[in-house]
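Peer 1: Handing you a structure now.
Values quoted throughout were computed directly from the atomic coordinates according to the rules given, and no laboratory measurement underlies them. Every value quoted in this text rests on a predicted model; they were computed, and no experiment measured them. Methodologically, a virtual Cβ is constructed for each residue, glycine included, from the backbone with ideal geometry; neighbour enumeration extends over all protein chains shown.
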Amino acid sequence: MTRAWILPMLLVLCGSAVATGLILKGSFGSASGLLLAFVVLAGVNSPVIFPRSIAAGEAQRRSGVDGRPVVFWRPGCKYCIRLRIRLGRDARKVHWVNIWRDPEGAAAVRAANDGNETVPTVVVAGRPHTNPGPEWVRARLSAST
């Protein structure tokens, strides 16, 4: 859990340090804008932006029942963030598995990607797809409902 917060906390700390330097130089507007940018970047890279993760076994069981895709992801992955943001509200319909919190999920991703933890890995109907486009995932999600 703490590993997922390292990057966001570093971003906030770096933004605070740079903003403090700008404030000491008298540039309040630039400092506040820069700090806001670092906080937004930290938020995007934090686990907060993603729907609640579940265990890989539970996600696969639910997917078998409702046919919805399972997305294996990890915090800080820019491709995972892109997928999450581009899915918009539909992201809540997908089953998310954080591979840093679920060893079984990490093992499933390694098995699908020749031993690499390449994410996002999306499993639809038991078949893994590595880093598919958001439109592709949305189409599979629409087909399942």
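Peer 1: Which one of TRP100, GLY43, VAL71 is farthest out on the positive end of the charge dipole of the range 37-132, using unit charges on Cβ (Lys, Arg +1; Asp, Glu -1) and the Cα centre as origin?
Peer 2: GLY43
Peer 1: Calculated FRET efficiency, VAL65 and LEU13, Cβ-Cβ r, R0 30 Å, to nearest 0.05? Let's see the in-between values first.
Peer 2: Values: r = 43 Å, r/R0 = 1.44.
My answer for the efficiency is 0.10.
Peer 1: Run the lone-cysteine check on the chain: no other Cys C-beta under 4.7 Å from the residue's C-beta.
Peer 2: CYS14
Peer 1: Something else about it: Using the count of nearby Cβ atoms within 10 Å as a rough guide to exposure, how do SER142, SER16, SER46 rank from fewest to most?
Peer 2: Values: SER142 10, SER16 15, SER46 18.
Final ranking by Cβ density, sparse to dense: SER142, SER16, SER46.
Peer 1: Further question: Treating only the Cβ atoms of Lys and Arg (+1) and Asp and Glu (-1) as charged, compute the dipole magnitude of the range 75-145 about its Cα centre; round to the nearest 20 debye. Write out the running numbers ahead of the final one.
Peer 2: Values: 12 positive and 6 negative charges, 78 e Å.
In debye, rounded to 20, the range 75-145 gives about 380.
Peer 1: What is the dipole size for the chain, taken about its Cα centre, with +1 at each Lys and Arg Cβ and -1 at each Asp and Glu Cβ, in debye to the nearest 20?
Peer 2: Details: 19 positive and 8 negative charges, 60 e Å.
That gives a dipole near 280 debye.
Peer 1: Take the chain, connect every pair of alpha-carbon atoms lying under 10 Å apart with a spring to form a Gaussian network, then pick out the residue of VAL70, VAL94, VAL48 with the largest mean-square fluctuation.
Peer 2: Fluctuation is largest for VAL48.
Peer 1: Continuing with this model, one more query. Can you pull out the trypsin sites (Lys or Arg not before Pro) in the range 1-110 whose DSSP state is coil and whose Cβ has at most 12 other Cβ atoms within 10 Å? Working shown, then result.
Peer 2: Numbers: sites: ARG3, LYS25, ARG52, ARG61, ARG62, LYS78, ARG82, ARG84, ARG86, ARG89, ARG92, LYS93, ARG101, ARG110; in loops: LYS25, ARG52, ARG101.
Those satisfying the criteria are LYS25, ARG52.
Peer 1: Give me the distance in nm between label points sitting 7 Å out from Cα along the Cα-to-Cβ direction at SER142 and GLU58, one decimal.
Peer 2: Those two pseudo-labels are separated by 3.0 nm.
Peer 1: Can you sort PHE72, PHE38, PHE28 from fewest to most other Cβ atoms within 10 Å of each residue's own Cβ? Mind showing how you got there, number by number?
Peer 2: Details: PHE72 29, PHE38 21, PHE28 11.
The order, fewest Cβ neighbours first, is PHE28, PHE38, PHE72.
Peer 1: If you find the alpha carbon centre of the range 108-141 and of the range 73-95, how far apart are they in angstrom?
Peer 2: 12
Peer 1: Label ARG110 and VAL48 with points 7 Å out from Cα along Cα→Cβ: what is the distance between them in nm?
Peer 2: Label at ARG110, label at VAL48, 3.2 nm between them.
Peer 1: Run the numbers for ILE85 and SER32: contour at 0.36 nm per residue of separation, minus the present Cα-Cα distance, in nm.
Peer 2: On the way: separation 53, 0.36 × 53 = 19.08 nm, distance 2.50 nm.
Roughly 16.6 nm would be gained on extension.
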